[in-house]
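K.L.:
Below is one structure. I have some questions about it.
The values are calculated or read from the model by the stated rules, or taken from the named source; none is laboratory data. These numbers come from a predicted model, not from an experiment. Glycine also receives a Cβ, built like all others from the backbone with ideal geometry; neighbour counts cover every protein chain displayed. The protein model used for the area step is the full one, side chains on, heavy atoms only, and it has no ligands, DNA or RNA in it. Shrake-Rupley method; radii C 1.70, N 1.55, O 1.52, S 1.80 Å.
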Amino acid sequence: MKITPRKILLNPGPGTTSQGVKDALVVEDICPREKEFQEVMESLRRDLVKVVHQGKDYDCVMFAGSGTAVMDACINSVVPPGKKILIVNNGAYGTRLVSIAKAYGIEVEELNFDWDAPPSLEVLEKKLSSDENNAIDCIAMVHHETTTGLLNPVKEIGEIARRFGKTFIVDAISSYAAIPMEIEKLNIDYMLSTSNKCIQGMAGISFVIAKISALESAAKFPSRSYYLDLCEQYAYMKRTGQMTFTAPVQIVYALQQAVKEYFEEGAEKRRARYSENWETLYKGLSDLGFQFLLKPEYESKILLSVREPTHPDFDFDTLHDRLYAKGFTIYPGKIANTKTFRLAVIGDLRKQDMVEFVDALKTTLEEMGIDQQLYR
Ligand SMILES: Cc1ncc(COP(=O)(O)O)c(C=O)c1O
């Protein structure tokens, strides 16, 4: 069998994939309308629900598309006409949820918080208590803000959503399969994720793990989108086992293999592997003199936001290009007034990869003439 050269991707997905996932892409040609393919899809959907410890009350609705496709499908499909969505926003992906709702003319209550700390639960409760006409129907948030690496308090906000009787939508695009979660205990009605992040498949599929009773209620609302209609897609999948429109066949097989590898590894061990990767990076970069964006207690241990050195010879693009040539991909920041770059530890990566990365980073800084004093 051909072994594909391995690259260390420290961008927050698509991540480094295993050889097994790469091999699973090369399959016999098959029409996605065949029964054999439907069976693959149906068992894959069941397994994706099992990742968050659920069975009968939740189902998985899949789309061909990146993570943003299910952010769009969920927001446009589940907010009742004339009602509002409250979005807890402390990062670029929270802002994207707001933009999607606005694009459909859905009224948004935006709760904006600083990007380097968790949102205030008191402010959220106050907002909901002052909603006298019960205009707010849904609460949406991002679990792991990939902008910064901050882990938001999903359990606490889920508890508030339950108490106030709100539909609860969680973008878990970069935390699903990285952090063990029990969807029902977290009171989540809709959890969003994608094939190419912590489940470790290839890019091309995004999915919603949805509470069936919530989907059935939302099916009564008028449709706002033709392609990205969550309830239509669910109805079609339930009836036929297929996606309404052409499925990305090979990506489905790769995801099936990735899910198999997830269960072989186990939820706790995956979390422990990512944490070990992250801690190795944190220690290695601290020793080199780097500083970080977040307080340690807010870190997800899935991604590390590093403050860009202010040394006059530091240049992110040069660092990126030199590391890329050595087989390591790093990723720019996304924060307006603070210069950062990001290192994600997801994908088929281990401690040894992090050790080698830190070595390569040290050598590259030396090549760039940057001494130990990174910040001036
Ligand atoms: C938390 C979160 N939400 C949404 C997205 C958007 O996903 P995509 O870029 O696949 O459309 C990302 C991508 O990194 C993400 O990290």
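K.L.:
Among (1) open to solvent by 10 Å² or more (accessible area, probe 1.4 Å); (2) over 20 Å from Ala172 (Cα atoms); (3) touching a residue at least 40 places away in the same chain (Cβ under 8 Å), which single condition is Gln256 missing?
P.N.:
Gln256 satisfies all of (1) open to solvent by 10 Å² or more (accessible area, probe 1.4 Å); (2) over 20 Å from Ala172 (Cα atoms); (3) touching a residue at least 40 places away in the same chain (Cβ under 8 Å) except (2).
K.L.:
Given (1) in a loop (DSSP other than H, G, I, E, B); (2) in the same structural domain as Tyr236 (by TED's automatic domain parsing); (3) open to solvent by 60 Å² or more (accessible area, probe 1.4 Å), where does Val27 come up short, assuming only one miss?
P.N.:
(3)
K.L.:
With the condition kept exactly as written, say whether any residue in the stretch 118-136 is in the same structural domain as Met41 (by TED's automatic domain parsing), touching a residue at least 60 places away in the same chain (Cβ under 8 Å) and more than 16 Å from the ligand (Cβ to nearest atom).
P.N.:
No.
Results for (1) small (Gly, Ala, Ser); (2) assigned by TED's automatic domain parsing to the domain that holds Ile179; (3) outside any loop (DSSP other than H, G, I, E, B), shown as yes or no for each residue.
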site	(1), (2), (3)
Ala272	yes, no, yes
Asp317	no, no, yes
Phe341	no, no, yes
Tyr375	no, no, no
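K.L.:
Only residues that are under 22 Å from the mean Cα position of the chain (by Cα) and among the basic types (Lys, Arg): list them for the stretch 109-164, please.
P.N.:
Lys155 - this is the single residue of the stretch 109-164 that is under 22 Å from the mean Cα position of the chain (by Cα) and among the basic types (Lys, Arg).
K.L.:
Restricting attention to the stretch 85-106, and to residues there that are under 11 Å from Cys138 (Cβ atoms) and not small (Gly, Ala, Ser), which single residue is nearest to the chain's Cα centre (by Cα)?
P.N.:
This residue is Leu97.
K.L.:
I've got another one for you. Just one of the numbered conditions (1) of a type in the set (Phe, Trp, Tyr); (2) touching a Leu at 6+ places or on another chain (Cβ under 9 Å); (3) closer than 16 Å to Arg350 by Cα is not true of Tyr331; which one?
P.N.:
The one condition Tyr331 does not meet is (3).
K.L.:
So which of Ala172, Ala140 is within 16 Å of the ligand (Cβ to nearest atom), within 28 Å of Phe263 (Cβ to Cβ) and open to solvent by less than 10 Å² (accessible area, probe 1.4 Å)? Lay out the reasoning, then the answer.
P.N.:
Working: Ala140 fails: within 28 Å of Phe263 (Cβ to Cβ).
Going through Ala172, Ala140 in turn, just one is within 16 Å of the ligand (Cβ to nearest atom), within 28 Å of Phe263 (Cβ to Cβ) and open to solvent by less than 10 Å² (accessible area, probe 1.4 Å): Ala172.
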